[in-house]
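Trainee: This is the structure I want to talk about, given as structure tokens.
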Amino acid sequence: PPAPPLTRAPVTPPAAAPPPLVGAMEIMEPTGEANPAPLLAIGGLTVKRRKLMGAEGRHVRYTLADETTGRTIEAIHFFGGPDALAEGTSVDVAGRPTLDTHPRFGTRLEWRVRAIRPSSAPLPPTLA
């Protein structure tokens, strides 16, 4: 079945998804068709780096920056590779913070992107 349309999500201050917020969101699990995972939105970030990943560049890893604070967010958009936005683009992103554990890098905050668009783009009807 198709994914449910996105609805307006609360706007989170850039890079403000500390581990306690991740834990609070995990309390809402299990998620699925009858209980969609909560999403948060962050606006006005800048794509500092993008890297296509996976077979045929199907996924994209972004480093997104808040230009006012200099803080960055690592983000991954599964199946977003074909529509990857260019470095330097100002973007709005909807998704959820997660804690990613890697043997070499330890545990770090990572944003799982559900939707990303240039900041100047109009909101789609499901988000307006």
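Trainee: Would you grab the residues whose amide H sits under 5 Å from the one on ARG71? Only those 5+ places off in sequence or on another chain, please, with H modelled 1.01 Å from N.
Mentor: Excluding prolines and chain starts, which carry no amide H, the hits are ASP66.
Trainee: Same structure again: What list of ³J(HN,Hα) couplings, whole Hz, do you get for region 98-104 from phi and the Karplus terms 6.51, -1.76, 1.60, once you set θ to phi - 60° and write x for glycine and proline?
Mentor: In residue order, the calculated couplings are 9, 9, 9, 10, 10, x, 8 Hz.
Trainee: Leaving out ligands, DNA and RNA, what percent of the accessible area of region 22-128 is carbon and sulfur, probe 1.4 Å?
Mentor: Ligands and nucleic acids excluded, carbon and sulfur reach 55 percent.
Trainee: Using 0.36 nm per residue of separation minus the Cα-Cα distance, give me the extension gain between GLU74 and ARG104 in nm, one decimal.
Mentor: Length gained between GLU74 and ARG104: 9.2 nm.
Trainee: What is the Å³ per residue value for the convex hull set by the Cα atoms of region 38-128?
Mentor: Once divided by residue count, the hull of region 38-128 is 112 Å³.
Trainee: Here's a follow-up. Once phi is turned into θ = phi - 60°, what whole-Hz ³J(HN,Hα) does the Karplus curve with 6.51, -1.76 and 1.60 give for every residue of region 108-113, x standing for Gly and Pro?
Mentor: Running phi through 6.51 cos²θ - 1.76 cosθ + 1.60 with θ = phi - 60° gives 9, 6, 9, 9, 8, 7 Hz.
Trainee: Amide H neighbours of LYS48 under 5 Å, counting only residues 5+ apart in sequence or on other chains, H built in-plane at 1.01 Å?
Mentor: Residues meeting the amide H criterion: THR63, LEU64, ALA65, GLY88.
Trainee: In addition: Can you compute 3J(HN,Hα) from phi for each residue in region 48-56, using the Karplus curve 6.51 cos²θ - 1.76 cosθ + 1.60 with θ = phi - 60°, rounded to whole Hz and x for Gly and Pro?
Mentor: 8, 8, 9, 9, 6, 9, x, 4, 6
Trainee: Still on this structure, I have one more. Within a Cβ distance under 15 Å of GLU26, other residues only, what is the Lys/Arg minus Asp/Glu net charge?
Mentor: Once positives and negatives cancel, what remains is -1.
The values are calculated or read from the model by the stated rules, or taken from the named source; none is laboratory data. Note that the coordinates shown come from a computational prediction; the quantities given were computed from them, not determined experimentally. All Cβ positions, even for glycine, are placed from backbone atoms using ideal geometry, and neighbour counts span all protein chains on display. In case anyone asks, the SASA skips ligands and DNA or RNA and just uses the protein heavy atoms, side chains included. Shrake-Rupley method; radii C 1.70, N 1.55, O 1.52, S 1.80 Å.
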